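Chemist: Quick one: the structure is below, and I'll ask about it shortly.
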Amino acid sequence: MEMDLKDHEITADILKALGHPVRLCITKGLIAKGRCNVSYMEECLEVSQSGVSQHLSKLKNAGIVKGFRTGNEIYYEVISKPAKNIIQALYGEE
């Protein structure tokens, strides 16, 4: 069996980043709702603002989400097509 492991690195890195219930929920919610700020996510998830920010940082570092500044607020959006595909495969949603 011939396999180039480099072909699977991106998917493995995304799965590692999504490997926490809060990060899965954030990603799934952003795909369903679109752009959201930390305050909105904090209310929906019942997780502290610092907790949401830490999870968003991991998702940003993995290239899954990106923040867009609007005035004083930053709104986050899922920018990774592979992450969207994984969420759809897991939950059957887009």
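Chemist: Kindly check whether there is at least one residue in the range 35-53 that is under 9 Å from the mean Cα position of the chain (by Cα) and either more than 12 Å from A83 (Cβ to Cβ) or of a type in the set (K, R) (or both).
Modeler: No, the conditions are met nowhere in the range 35-53.
Chemist: Quick check on my filter: what residues within the range 1-31 are loosely packed, with under 13 Cβ neighbours inside 10 Å and either touching a residue at least 24 places away in the same chain (Cβ under 8 Å) or not aliphatic (A, V, I, L, M) (or both)?
Modeler: E2, D4, K6, D7, H8, E9, K16, G19, P21
Chemist: Can you name the helices (runs of 4 or more DSSP H) wholly within the range 1-80 that have at least 3 residues being acidic (D, E) and out of contact with any strand residue (DSSP E or B) (no Cβ under 7 Å at 6 or more places or on another chain)?
Modeler: 6-18
Chemist: Take the residues of the range 51-94 that are of a type in the set (F, W, Y) and exposed (fewer than 15 other Cβ atoms within 10 Å of the Cβ): which is modelled with the lowest pLDDT?
Modeler: Across the range 51-94, the extreme among qualifying residues is Y91.
The values are calculated or read from the model by the stated rules, or taken from the named source; none is laboratory data. Note that the structure is a prediction, hence the values are computed from the model and not measured. Ideal geometry is used to build each Cβ from the backbone, glycine not excepted, and the neighbour counts take in all protein chains shown.
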